[in-house]
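Chemist: Let me give you the structure first, and then I'll get to my questions.
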Amino acid sequence: QVQLVESGGGLVQAGGSLRLSCAASGRTFSTYAMGWFRQAPGKEREFVAVIAWQRGNIYYADSVKGRFTISRDNGAGTVHLQMNSLKPEDTALYYCAVPRAGSFAVPPDPSDFGSWGQGTQVTVSS
C-alpha cells in the first residue's frame, strides 16, 4: 500500500557526491521508518541506512558511515540519502524501502522490509 519512487542516481567520479531522494505515497500513515539498500550485480542486497521517525533514530552500514547521510523532510513523505566521498565499490542499484509492521533487525535485513521502490542506479567511476 506504500508506493516508493527513487531518484537522483547517476554517474559520478570517485570522491564525488550524489543525493538520492525517495518519495512515498499511498497509505504512509503507518510508516515508521524508511531505509536504503543497494545491490550490485552478482551480490546480495545489502543495508545502507535507515531512519526511524521515533526520535529520529538513524543507523548506517559500517561501509558508508561517515560518508552517507540519511534524512527526512518533515511531513513531506520524502527521505534523502546524501552520498559523499563516493567510491567505486558504492556502485549499485539503490533501493528505498519501508519496513513491515513491528521492528527491524540491527543491522536491518532486507527481509524486514515489505515495500520497495524500483531502484536508482549509482555508478562511481575511478
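Chemist: What residue, of G102, G119, is touching a Phe, Trp or Tyr at 6+ places or on another chain (Cβ under 6 Å), under 22 Å from T28 (Cβ atoms) and open to solvent by less than 70 Å² (accessible area, probe 1.4 Å)? Walk me through it before giving the result.
Modeler: Working: G102 fails: touching a Phe, Trp or Tyr at 6+ places or on another chain (Cβ under 6 Å).
Of the residues listed, the single one that is touching a Phe, Trp or Tyr at 6+ places or on another chain (Cβ under 6 Å), under 22 Å from T28 (Cβ atoms) and open to solvent by less than 70 Å² (accessible area, probe 1.4 Å) is G119.
Chemist: May I ask you to list pairs of residues, at least six apart or on different chains, whose Cβ atoms are under 9 Å apart, with the first in the stretch 75-100 being at pLDDT 95 or above and basic (K, R) and the second being part of a loop (DSSP other than H, G, I, E, B) and open to solvent by less than 50 Å² (accessible area, probe 1.4 Å)?
Modeler: Filtered contacts from the stretch 75-100: K87/R67.
Chemist: Name the pairs whose Cβ atoms lie under 7 Å apart, with the first residue in the stretch 113-126 and over 10 Å from E6 (Cβ atoms), the second aliphatic (A, V, I, L, M) and not in a strand (DSSP E or B), and 6 or more positions between them or separate chains?
Modeler: That search, which allows pairs on different chains as well, returns V124/A14; V124/L86; S125/A14; S126/A14.
Chemist: I've got another one for you. Does the stretch 51-68 contain any residue that is hydrophobic (A, V, I, L, M, F, W, C) and surrounded by fewer than 17 Cβ atoms within 10 Å (Cβ to Cβ)? Reasoning before the result, please.
Modeler: Pass one, the stretch 51-68, residues hydrophobic (A, V, I, L, M, F, W, C): 51-53, 58, 61, 64, 68.
Now narrow it down to the ones that are surrounded by fewer than 17 Cβ atoms within 10 Å (Cβ to Cβ): 53, 58.
Yes, the conditions are met somewhere in the stretch 51-68.
Chemist: I need the full set of residues from the stretch 1-47 which are open to solvent by less than 50 Å² (accessible area, probe 1.4 Å), assigned to a loop (DSSP other than H, G, I, E, B) and at pLDDT 95 or above, in order please.
Modeler: G8, G9, G16, A40 - these are the residues of the stretch 1-47 that are open to solvent by less than 50 Å² (accessible area, probe 1.4 Å), assigned to a loop (DSSP other than H, G, I, E, B) and at pLDDT 95 or above.
The values are calculated or read from the model by the stated rules, or taken from the named source; none is laboratory data. This is a predicted model, so every value here is computed, not measured. Every residue, glycine among them, receives a Cβ derived from its backbone with ideal geometry; neighbour counts consider all protein chains shown. All accessible areas refer to the heavy atoms of the entire protein, side chains included, with ligands and DNA or RNA removed. Shrake-Rupley method; radii C 1.70, N 1.55, O 1.52, S 1.80 Å.
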